[in-house]
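The values are calculated or read from the model by the stated rules, or taken from the named source; none is laboratory data. These numbers were taken from a predicted model, which means no experiment stands behind them. Virtual Cβ from ideal backbone geometry, glycine too; neighbours counted across all protein chains shown.
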Amino acid sequence: MINLFTFAIITTFAINFFLGSISLQGVNRTLMMLPRALFESSVITFDEEMGDNFYPYFEERYIYEVVEEYFRENLLQYVTSYRYGILFYQDDDLSICREKCRTVKISLECKIMGIYDYHNAMTYSLLNQEEYYGR
């Protein structure tokens, strides 16, 4: 009888561990595989106001919309709730940017299976022409 009870407990823990690892992998994959196309489609490549001083930048409002939709469609199959943050800043001096930003950081927090706290972030930056061709 003790062997049967021990087997049942070990099997329950193994199944819960397996389901938790699937959820963790799914959440991590959802953040890491955030499509680059979402960010590429939000890049403004022409602005008459800037004239000769023009540089490409992210359209903030568009990024908020597509990231929210992406997380809503892909994360709810792994976790019941999540929080995310979007921070725009300048890459050269790391100051927070209010408009015409070249770097965006997406951070994600959630609780997996009610036990594990997941915290991770991804940063996307626009390279200038010298940086791009110098790689």
> Any residue in region 34-45 that is of a type in the set (Asp, Glu) and modelled with pLDDT of 85 or more?
Replying inline: no
> Could we say that residue 3 is farther than 20 Å from residue 86 by Cα, out of contact with any helix residue (DSSP H, G or I) (no Cβ under 7 Å at 6 or more places or on another chain) and in a helix (DSSP H, G or I) here?
Replying inline: yes
>> Residues that are in contact with a Cys (Cβ under 9 Å, 6 or more places away or on another chain), modelled with pLDDT under 90 and either surrounded by fewer than 14 Cβ atoms within 10 Å (Cβ to Cβ) or at positive phi (or both): does region 60-80 have at least one?
In response: yes
> Out of region 81-102, which residues are surrounded by 11 or more Cβ atoms within 10 Å (Cβ to Cβ) and polar (S, T, N, Q)?
Replying inline: 90
